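The values are calculated or read from the model by the stated rules, or taken from the named source; none is laboratory data. It should be emphasised that the depicted structure is a prediction, and the values quoted were computed from it without experimental measurement. Counting neighbours? That spans all protein chains shown, and the Cβs are built from the backbone with ideal geometry, glycine included. Calculation scope for accessible area: heavy atoms of the full protein, side chains included, ligands and nucleic acids excluded. Shrake-Rupley method; radii C 1.70, N 1.55, O 1.52, S 1.80 Å.
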Amino acid sequence: MSTVAGLSVAGNYFAQPLLDLIGRNLHLSSSTAALVVTVAQVGYGLGLLLLVPLGDLLERRRLAVTLCALTAVFLTVTASAPNAAVLLTGTALTGLTSAAAQVITPFAATLAAPAERGRTVGTVMTGILLGILLARTAAGLLAELGGWRTVYWVNAALMLLMAVLLRLRLPSLRTPSGLRYPALLGSTLGLFAREPVLRWRAALGALAFAGFSVLWTAMAFLMSGPAYGWQESAIGLLGLVGAAGSLSASIAGRLADRGLVHRVTGATAVLLLGSWGLLSAGGAGGAWSLAALLAGVVVLDLAAQGLHVSNQNVVYGVRPEARNRLNSAYMTSYFAGGAAGSALTSVVWGAGGWDAVCVLGAGLAGAVVVVWVGERVWRRAGRPLTDGGAEGPPAAAPVAAGNPITRH
């Protein structure tokens, strides 16, 4: 499940180290090329909003298999794109169906024993993080071998294989909500109004992922520019550095199982802010700047993923019978933040280069700290907490009356 989730989201990030190459091949401006990243995240956000709640309505294995197969089809559209319009269309549709990763995550959380929910979510999220970061490495290396389109063809074949494996290896699972699709979507949106824990965590996730997207959208421009002058394959290798952040997903999940989820949130929020101090020193070029840049990448990715897993553990504990809708609500906010971060980066880079990008990233990280402090004050004021939001080991996940979880 971790592998499928990682491969599902990878297609949304192949373009990041290839923006300059794609732009030259299709005769696009840098701002238009940067839209490839934004469109992918907007498509993914729509998939989170419109498709992920279906996990509380349809049989989950069939839903996951269908979305993986469609992702493979849309990757071939991107791979064969002759112009910007087809490229952006294929990218948007791939983003839409790659929301399969977020059908699989609550699927895994439901299959796990309650005391192992944090570790299970952390394992799947490790796959997603590796998919996001190693996508850049694979894209850079395959672009050197066969052009920028090669990685899309390869991922399409892998996604077809994953669809087959999901069908063969996963159990059938249905968590009937008793709602029709329009009411299901309304219920998803209504969770924001009814669940303050979801609102706090959605805000933290959106701001953190906005900063994550700022870094990785601007990275290709910095590293291919005059300060470093790297080729696409070398830029892609930076994903290996960022992959160190995958360690924090598993660790954060295990700490959540021990009841330390709120402490992890605070520590990662502070680390996120500190990472931009290192990154700001990395724009000048040279050995010392590169060392600071690489250190900043590692710290930012560790912090962002640790915070994300902590958020998901809290959100999944709010209403276990509605985990797909909760995940949809949280992840829609999360990737809306990412899309906004990418869009802002294309504007800020043109206006002030790397220094302006670092100011933007630090501002977003500062906002994460402010929201965390606000949530901490809110909790200490005696607001009620769910089992996922309380300090201490998570309680057994109840199943709502009339909404049995059925496995076959």
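Put a plus charge on the Cβ of each Lys and Arg, a minus charge on the Cβ of each Asp and Glu, and nothing anywhere else: the dipole of the chain about its Cα centre is then about 1120 debye. Accessible surface of the range 1-60, 1.4 Å probe: 67 percent of it comes from carbon and sulfur atoms. How large is the translational diffusion coefficient of the range 248-387 in µm² per second when you combine the Kirkwood radius over alpha carbon pairs with Stokes-Einstein at 10 °C and 1.306 mPa s? Taking Rh from Cα pairs, D becomes 97 µm²/s.
Pairs of Cα atoms nearer than 8 Å and 6+ residues apart set the relative contact order; for the chain it is 26 percent. Here the accessible area of the range 279-332 is 71 percent carbon and sulfur, with a 1.4 angstrom probe and all protein chains present. Charge dipole (Cα centre; +1 on Lys/Arg Cβ, -1 on Asp/Glu Cβ; no other charges) of the range 160-204 amounts to roughly 100 debye. With the helix formula -39500 (n - 2.57) applied to DSSP H stretches of n ≥ 4, the chain reaches a computed 222 nm mean residue ellipticity of -25500 deg cm²/dmol.
With R₀ set to 41 Å, the beta-carbon distance separating residue 62 from residue 284 gives a calculated FRET efficiency near 0.20. Both the radius of gyration and Dmax for the range 105-172 are 15.5, 47 Å, in that order, over alpha-carbon atoms.
Per residue, the solvent-accessible area of the chain (1.4 Å probe, heavy atoms of protein chains only, all protein chains present) comes to 36 Å². Each of 142, 126, 154 was placed along the dipole of the range 113-222 (beta-carbon charges, centred on the mean Cα), and the one lying farthest toward the positive end is 126.
Computed over protein heavy atoms with a 1.4 Å probe, the carbon and sulfur contribution to the accessible area of the range 79-183 reaches 68%. A quarter of the convex hull surface defined by the alpha-carbon atoms of the chain gives 17.8 nm² as the mean projection. In whole percents, the pair-distance distribution calculated for the range 42-172 from its alpha-carbon pairs, binned every 10 Å from zero, is 13, 39, 35, 12, 2, 0.
In units of the compact-protein estimate 2.2 N^0.38 Å, the range 22-68 shows a Cα radius of gyration of 1.66. Positive-end ranking of 45, 367, 66 along the dipole of the chain, with charges on Cβ about the Cα centre, is headed by 66. Distance from the Cα centroid of the range 163-216 to that of the range 57-131 is 12 Å (rounded to whole angstrom).
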